[in-house]
Amino acid sequence: MIPEPRFPVEQWSIRELGLDLDQLAQSESVFALSNGHIGIRGNLDEGDPHGLPGTYLNSFYETRPLPYAESGYGFPEMGQTIINVTDGKLIRLLVDDEPFDLRYGTLHHHERILDLRSGLLHRVVEWESPAGQVVRVRSTRLVSLTQRSVMAIRYEVEAVGDPARVVIQSELVANEDLPTQSNDPRVAAVLEAPLEAEDQFGRDTRALLVHRTRASQLRMAAAMENTFVGSGNPGLEIQPDWARVTGGTTLAPGERLTLTKFVAYGWSSLRSLPALRDQVDGALSMVAYTGWDQLVADQRSALDEFWHGADVSLEGDDTVQQAVRFGLFHTMQAAARAEGRAIPAKGLTGPGYDGHAFWDTESFVLPVLTATVPKAAADALRWRHDTLDLARDRAEALRMRGATFPWRTIRGHECSGYWPASTAAMHVNADIAAAAIRYVNWTGDEDFDRTRALPMLVETARLWASAGYHGDDGYFHLDGVTGPDEYSAVADDNIYTNLMARLNLLGAADTAERWPREAANLDVTAAETAAWRAAAEAMSMPYDDDKRVHQQDRGFTQHQVWDFERTAKSGGYPLLLHAPYFDIYRKQVVKQADLVLAMHWCGDRFTFEEKARAFAYYEPLTVRDSSLSACTQAVLAAETGHLELAHDYLAEAALMDLADLEHNSRDGLHIASLAGAWIALVAGFGGMRDHGGTLSFHPQLPPGITRLSFAMRWRGATLQVAVTPEAAVYTRLDGPAIEIQHGDDTFTLDGAPVTRPVQQVTPITPTPQQPADRAPARSS
């Protein structure tokens with residue numbers, strides 16, 4: 001059972017009443033704000049108390065050596081770790097010489113509200129100092145979606161009951177003290193004071209600090225401008241690692257002292273110090289000219305446009321309704337202005353996974369962004385294209401042709417030292433290729449297809465052609481790979497990998513034929529594309545004739561089944577922390593949906609009966625020791641008619657962070673799981689598929705949901721689909737006419753809405769059970 005929510009269930013906001021010091025770090029992740037370029041955790045304005053301070057710039061990192069007990073050929077030597085940069089959100093308050101610290105005095109009221117429609121984080125506090133002075137503090141902060149380099153805060157102090165002498169200190173602070181984040185002393189050394197001061201400047205109420213990392217040699221600048229209303233003669237102090245603007249006054253009861261603080265950030269690996277300094281100073285001047293009110297209005301307009309083509313509305317489950325909007329908001333935040341940078345697994349909400357991007361970006365996040373914010377999806381894929389030379393180098397080191405993209409990275413270098421789940425997890429290359437194909441199909445972006453998708457598809461197709469072989473059995477095989485299920489490492493003919501490689505190979509051949517001149521410039525020949533097609537058509541899909549089910553990989557169904565009852569009794573989940581990999585790798589146990597994921601993204605390669613039998617077979621083996629699994633299981637549960645089970649999996653994906661189901665949201669949010677809630681609803685209960693470039697739907701609702709409505713963008717049009725138990729209504733909100741498919745019925749949506757009946761799927765297998773103690777976390 002999912003625990004009682006910490007945050008009251010509201011349609012368009014996340015509200016926290018009171019302040020639980022033990023839950024500060026989780027709240028800091030939940031209330032994090034970002035635009036994909038800047039990320040600030042939801043720390044209290046005053047800085048203390050805190051769980052984990054955090055201000056991040058996308059792809060701003062420090063390097064560190066990767067540890068190995070024994071080195072080996074092809075092992076990456078250097079890792080990359082995102083670092084906490086100069087903190088510009090700090091605003092300290094003194095009340096009659098007492099620091100405003102909620103651990104002291106009496107807290108009468110504390111409330112924070114993340115408004116999902118406006119993109120603003122509001123806070124209201126009423127506090128009585130140890131000396132008995134009461135003040136009310138209101139603050140609002142944002143990270144701008146329209147001015148990429150800017151965050152802003154409005155901070156207001158009001159005297160309550162008696163006059164109060166108040167002082168506000170607005171700060172920039174580099175090299176903040178952080179809780180220990182790693183037991184590896186080399187990593188700890190990287191994270192401790194990672195920034196070296198290069199320059200500082202201040203005048204009036206404006207200050208600027210420039211720093212550089214010690215090893216990666218990345219330069220960053222942070223600048224602030226402060227405007228006080230109700231204070232006389234604010235003063236400035238500046239040092240290499242901090243700057244402070246101080247303003248104060250005596251407030252009569254009901255009077256307020258207001259600070260508006262604008263902060264601009266910039267970083268570069270190439271630009272000179274003067275250029276970077278001038279960049280952030282210019283950004284600061286621009287936002288000062290814009291002003292607070294217009295910045296807030298622009299933020300609302302940007303979000304109105306987002307929700308117009310992205311909102312999901314459902315009736316019957318208010319908890320999931322709130323969670324799916326929360327998930328969409330954070331998915332959008334993670335990418336909106338990333339512009340040529342990666343989308344990390346945690347977004348910019350925390351330091352989890354060292355700030356690395358994985359395959360989750362292309363397989364879970366980009367499907368959502370392609371359908372809702374296609375520009376952001378294109379930007380993420382352009383980042384992959386920009387790292388193509390590094391991927392070529394990595395393939396050469398592995399003695400492969402083409403390109404091998406990294407399993408985990410910040411800037412495009414492989415940063416994983418665990419080769420069974422990195423080097424062997426070749427499917428990341430096909431995941432990237434599939435995301436590029438999907439983006440082109442959804443948008444019709446010919447320029448991207450020609451200049452970006454083509455070279456990525458060609459080089460990854462060459463990888464598969466060199467990694468696989470035609471066997472004596474007439475099939476094309478890919479041996480020694482790790483699929484999404486990292487509990488079955490270095491296996492032969494993983495079906496997910498094989499089918500995604502098949503999609504990659506065919507997509508490369510098709511794209512090369514669309515753009516023959518550009519393909520020729522990449523040395524693509526007719527013989528090569530023919531070889532790609534031949535490999536794709538002969539791709540192996542291992543099948544167990546006795547069990548009448550596809551094998552996750554060749555021989556998987558012949559392995560001994562894991563003892564789940566024993567694991568449940570001993571509290572042995574997650575397995576990777578309680579069992580040796582030698583034992584895990586040779587048993588039938590699945591970390592996360594693997595074959596089931598193949599049946600979602602490559603569902604046109606399976607019959608309904610094959611999907612139903614496979615889902616029934618693999619459910620009792622799947623322990624979900626990964627947050628990536630629940631949304632995929634929701635999709636296949638819905639497709640095979642197990643709608644209540646699908647609803648449970650939907651709730652687990654959607655509430656991963658609001659309910660802190662894996663007890664690690666303190667390190668940052670699970671962006672792929674949050675995106676997965678959209679996938680579970682739209683692809684699960686909406687039945688949306690895009691096989692072969694055709695947009696199709698087979699909607700059906702579980703008993704607990706009485707209506708589902710969702711919007712998406714497809715080939716320049718905005719489409720809304722509204723589903724009840726009886727019917728689905730398709731409405732084109734704007735843009736050109738589009739062709740879509742409902743069940744077996746294809747029609748053009750141009751003008752009036754189109755209504756079609758809903759046809760429920762009848763399950764052909766009993767509702768499958770999960771491993772002992774691993775049933776989905778139900779919301780009710």
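General remarks:
- Screening Arg566, Arg517, Arg533 for residues that are touching a residue at least 12 places away in the same chain (Cβ under 8 Å), assigned to a helix (DSSP H, G or I) and of a type in the set (D, E, K, R) leaves exactly one candidate, Arg533.
- From the options Ser696, Ser709, residue that is touching a Ser or Thr at 6+ places or on another chain (Cβ under 6 Å) and surrounded by 15 or more Cβ atoms within 10 Å (Cβ to Cβ): Ser709
- Only one entry in Ala579, Ala527 is over 27 Å from Trp407 (Cα atoms) and free of Cβ contacts under 8 Å to residues at least 24 places away in the same chain, namely Ala527.
- Segment 438-466: number of residues that are in contact (Cβ under 8 Å) with a residue 60 or more places away in the chain, open to solvent by 30 Å² or more (accessible area, probe 1.4 Å), over 13 Å from Trp532 (Cβ atoms) and part of a helix (DSSP H, G or I): 5
- Meets criteria (under 21 Å from the mean Cα position of the chain (by Cα) and open to solvent by 30 Å² or more (accessible area, probe 1.4 Å)) for Arg666: yes
- Flag: Ala501 matches the condition of being crowded, with 24+ Cβ neighbours inside 10 Å and touching a residue at least 40 places away in the same chain (Cβ under 8 Å).
- Flag for Trp515 being crowded, with 24+ Cβ neighbours inside 10 Å and over 32 Å from the mean Cα position of the chain (by Cα): no
- Considering the conditions (1) open to solvent by 10 Å² or more (accessible area, probe 1.4 Å); (2) of a type outside the set (Val, Ile, Thr); (3) closer than 24 Å to Ala508 by Cβ, Tyr418 is excluded by exactly one of them, (3).
- Within segment 307-324, considering residues that are open to solvent by 10 Å² or more (accessible area, probe 1.4 Å) and not aromatic (Phe, Trp, Tyr), the one nearest to the chain's Cα centre (by Cα): Asp311
- Hits in segment 225-281 (condition: surrounded by 15 or more Cβ atoms within 10 Å (Cβ to Cβ), among the small types (Gly, Ala, Ser) and under 34 Å from the mean Cα position of the chain (by Cα)): Ala243, Ala264, Gly266, Ser268
- Filtered residues of segment 469-491 (kept if part of a loop (DSSP other than H, G, I, E, B), in contact with a Ser or Thr (Cβ under 9 Å, 6 or more places away or on another chain) and not polar (S, T, N, Q)): Gly471, Asp473, Tyr475, Leu478, Gly483, Pro484, Asp485, Glu486, Ala489, Val490
- The number of residues in segment 102-128 being touching a Leu at 6+ places or on another chain (Cβ under 9 Å) and touching a residue at least 24 places away in the same chain (Cβ under 8 Å) comes to 18.
- Residue count, segment 732-758 (criterion: under 30 Å from Leu645 (Cβ atoms) and either surrounded by 14 or more Cβ atoms within 10 Å (Cβ to Cβ) or under 32 Å from the mean Cα position of the chain (by Cα) (or both)): 6
- The set of residues in segment 330-365 being among the β-branched types (Val, Ile, Thr), outside any helix (DSSP H, G or I) and in contact with a Leu (Cβ under 6 Å, 6 or more places away or on another chain) consists of Thr349 alone.
- Selection count, segment 540-554, where residues are under 34 Å from the mean Cα position of the chain (by Cα) and assigned to a loop (DSSP other than H, G, I, E, B): 7
- When residues of segment 81-108 are limited to those that are in contact with a helix residue (DSSP H, G or I) (Cβ under 7 Å, 6 or more places away or on another chain) and not in a loop (DSSP other than H, G, I, E, B), the one farthest from Arg136 (Cα to Cα): Thr81
- Val95 meets the conditions (1) open to solvent by 20 Å² or more (accessible area, probe 1.4 Å); (2) in contact with a Lys or Arg (Cβ under 8 Å, 6 or more places away or on another chain); (3) among the β-branched types (Val, Ile, Thr) in every case but one. The failed one is (1).
- For segment 34-44, the count of residues that are among the polar types (S, T, N, Q) and closer than 19 Å to His670 by Cβ is nonzero.
Each row is one residue, and each column tells you yes or no for (1) assigned to a helix (DSSP H, G or I); (2) under 30 Å from Pro179 (Cβ atoms); (3) open to solvent by 20 Å² or more (accessible area, probe 1.4 Å); (4) at pLDDT 95 or above.
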{"site": "Gln299", "(1), (2), (3), (4)": "yes, no, no, yes"}
{"site": "Glu305", "(1), (2), (3), (4)": "yes, no, yes, yes"}
{"site": "Leu328", "(1), (2), (3), (4)": "yes, no, no, yes"}
{"site": "Pro367", "(1), (2), (3), (4)": "yes, no, no, yes"}
{"site": "Arg384", "(1), (2), (3), (4)": "yes, no, no, yes"}
{"site": "Pro406", "(1), (2), (3), (4)": "no, yes, no, yes"}
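- Every pair of residues 6+ apart whose Cβ atoms lie under 6 Å, when the first sits in segment 678-693 and is closer than 14 Å to Pro725 by Cα while the second is assigned to a helix (DSSP H, G or I): Phe685/Ala638
- Candidate set: segment 22-50, residues that are more than 21 Å from the chain's Cα centre (by Cα) and farther than 27 Å from Thr246 by Cβ; chosen: the one surrounded by the fewest Cβ atoms within 10 Å (Cβ to Cβ): Asp22
- Filter result for Ala598 (open to solvent by less than 20 Å² (accessible area, probe 1.4 Å), closer than 25 Å to Pro367 by Cα and part of a helix (DSSP H, G or I)): yes
- For segment 472-485, the criterion of a residue being touching a Leu at 6+ places or on another chain (Cβ under 8 Å), open to solvent by 10 Å² or more (accessible area, probe 1.4 Å) and closer than 23 Å to Phe364 by Cβ is satisfied by no position.
- Scanning segment 673-731 for residues that are out of contact with any strand residue (DSSP E or B) (no Cβ under 6 Å at 6 or more places or on another chain), over 28 Å from Ile437 (Cα atoms) and of a type in the set (Gly, Ala, Ser) turns up just one, Gly704.
The values are calculated or read from the model by the stated rules, or taken from the named source; none is laboratory data. None of these values were measured; they are calculated from a predicted model. So basically every Cβ, Gly included, is an ideal-geometry build from the backbone, and we count neighbours across all protein chains shown. Note: areas computed on protein heavy atoms with side chains; ligands, DNA, RNA excluded. Shrake-Rupley method; radii C 1.70, N 1.55, O 1.52, S 1.80 Å.
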